[in-house]
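Everything on this sheet refers to the single structure shown next.
Since every read-out is calculated from the coordinates, none of them should be taken as a lab result. Computed from a prediction, not measured in an experiment: that's the story for all the values here. Neighbour counts are summed over all protein chains in view; Cβ atoms, including those assigned to glycine, are modelled from backbone coordinates with ideal geometry.
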Amino acid sequence: MANGFNSKEATLTVVPKPTLLDFFINLNYPDYTGIKDETLQNTGDLLIPEGTNLEWIFKTENTDHIELFFPRQK
């Protein structure tokens with residue numbers, strides 16, 4: 001109640017904040033590079049040879065799924 005207005009009582013449920021705790025990227029380099037496959041942790045910028053396969057592994061809290069979007073480079 002405030003300023004002459006009255007509202008019905010309501011119950012609010014607070015949802016825990018989604019959190020990214022840690023992430024890893026497994027890099028499987030193409031044979032032509034001669035580079036040994038490796039795992040990087042918490043790295044945001046990557047410069048990798050064409051043909052490299054990446055596997056992202058995320059450790060999260062209060063999260064059901066993650067979506068990643070990468071802009072196309074021209």
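Just in the range 1-62: which GluC sites (Glu not before Pro) are loop by DSSP and have at most 11 other Cβ atoms within 10 Å?
On the way: sites: GLU9, GLU38, GLU50, GLU55, GLU61; in loops: GLU9, GLU50.
Listed in order of number, the matching sites are GLU9, GLU50.
So how compact is the chain: Cα radius of gyration and Dmax in angstrom?
In Å, with Rg to one decimal and Dmax whole: 22.3, 76.
Rounded to the nearest 20 debye, what is the charge dipole size of the chain about its Cα centre when +1 sits on each Lys and Arg Cβ and -1 on each Asp and Glu Cβ?
In total the dipole reaches around 360 debye.
Take the alpha-carbon centre of the range 2-29, take the same for the range 59-73, and report the distance between them in whole Å.
Going from one Cα centre to the other spans 16 Å.
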